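Note sheet for the following structure.
Values quoted throughout were computed directly from the atomic coordinates according to the rules given, and no laboratory measurement underlies them. Not measured: the values here are computed from a predicted model. Neighbour counts run over all protein chains shown; Cβ positions are idealised from the backbone, glycine included.
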Amino acid sequence: MLAEFFPSILELIVKTSTELPPDVRAAMRVASNIETPDTRASQALNIINVNIDQAADGEGAICQDTGMPTFEIHVPRGADQLWMAEQIRLAVAEATRRGKLRPNSVDSITGKNSGNNLGPGTPVIHFHQWANDGIEVKLLLKGGGCENCNAQYAVPVELAHLGRADRTLEGVRKCILHAVWQAQGKGCSPGAVGVCIGGDRASGYAHAKAQLFRTLDDVNPDPTLAELEAIVMGTVNRLGIGTMGFEGKTTLIGCKVGAMNRLPASFFVSVAYDCWAFRRLGVLLDAGTGAITQWQYRDPSTPLVPMADQAGFQRTGREISLTLGWGTVARRTRSPRTLPGRRLGLHRLPDHAHSGQPHRQPAQQDRARPRCSALDQDRPRCRLQAGPMSAGEPHRWTQMHTDKPARLNWKDHSPSPRPSGSVSICVHLWLYCLVRAFCPDFTKR
Ligand code: SF4
């Protein structure tokens, strides 16, 4: 049996969660270089770049939401797919135990987190047979915030501000722009979109997501779609949405479009939005041993160039590293208001009043709010630990909050009826005084 299969899959998961592929790093570097210095977008990009470096240096998760693990596997004829699927599930559980993946699999009825990323539908594993000898495993980790920003249009459709989108390439272009506009501030831009023209509702979304396995710098072999991709990229980065919705020059780092046949009565345009934490890697495995014979999307022999230095963070050589002890972790876990990593940084960015930039009314008032976090039960409008975290953040913190059951009754938005700690102490003191006043012998007894 493939003795190296399990460690190879585990390594793939760890690398995918902690190291952005070179094409995404290159695109983010371009975004950083062209951004106007000292703007909120450029500061947000700097923070993102530091985060990317920290994740790679410390082999920590790039973002607190490690996403839905989606495996696309090509196997030769005769491969034991049931055994491989079981080994992949074991590797996912082990990566979760090691803190490389956040426990992200929640029972949709009870709200209980399985704690190990295993459960019905988690992880997603798709097998395909091919004529080659080796095994190819590709992995995409797509966070919940950007997944929430996916969109599907049944054209013809009337789109706000864009008018009618017809069953033409111009209509498709309008749908893509509308999806990106709707995603602003929610999907952690700059992002990338995979698009499918046609198919049915289910296959359209799947094909759109499959486009995210293309590298950002490839050219579509279909000249019509290549032209559409170029047109979208030329338009979308002039919308001014920018990094994290802070305005700026880069809203998308990639647009990849595919097409499928459709039913005569249907014309779907499906858009899969992925955030800057665009985690996808792949491996080729030896069909006899399961050992990695080649990495895809990355070259392990090429050292990573730090992102932050390219973004204006000059390293002095006198940097120190801080180590958090377990006591520190315990204090932080007690405070749901503690905002870790990059979200803390985002809160410190200057607002419009101090930046001197002209104020543009966002389409959504909460445009600069990352969305991959768990909801606070007692404060439904408040999210716990939203946004990408610094790579070294302890994962116990995340688990504590994602373990909370989901709120199924969306109308029940009233604050928790439980008295707070200080209120209950006051009540008990009052009772004690009343008893002492009216029944002095009671306490003696
Ligand atoms: S918090 Fe933002 S960066 Fe992280 S996975 Fe979610 S959408 Fe992506």
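With R₀ set to 30 Å, the beta-carbon distance separating ASP218 from THR110 gives a calculated FRET efficiency near 0.10. Past 26 Å, Cα to Cα: identify those pairs from LYS174/LYS249; LYS174/LYS256; LYS100/LYS142; LYS138/LYS249; LYS100/LYS249, in the order given. Check vs 26 Å cut-off fails for LYS138/LYS249; LYS100/LYS249.
Normalise the Cα radius of gyration of region 93-168 by 2.2 N^0.38 Å (N = residues in it) and let me know the number. The partial results should precede the final answer.
On the way: Rg = 18.9 Å, N = 76, 2.2 N^0.38 = 11.4 Å.
Scaled against compact globular proteins, the figure is 1.66.
Order 199-210, 6-17 from most to least packed using the mean count of other Cβ atoms within 10 Å.
6-17, 199-210
Structural size metrics of region 184-288, computed from C-alpha coordinates, are Rg and Dmax of 15.0, 52 Å. Averaging the Cα positions of each part gives two centres, and for region 162-206 and region 11-43 these lie 23 Å apart.
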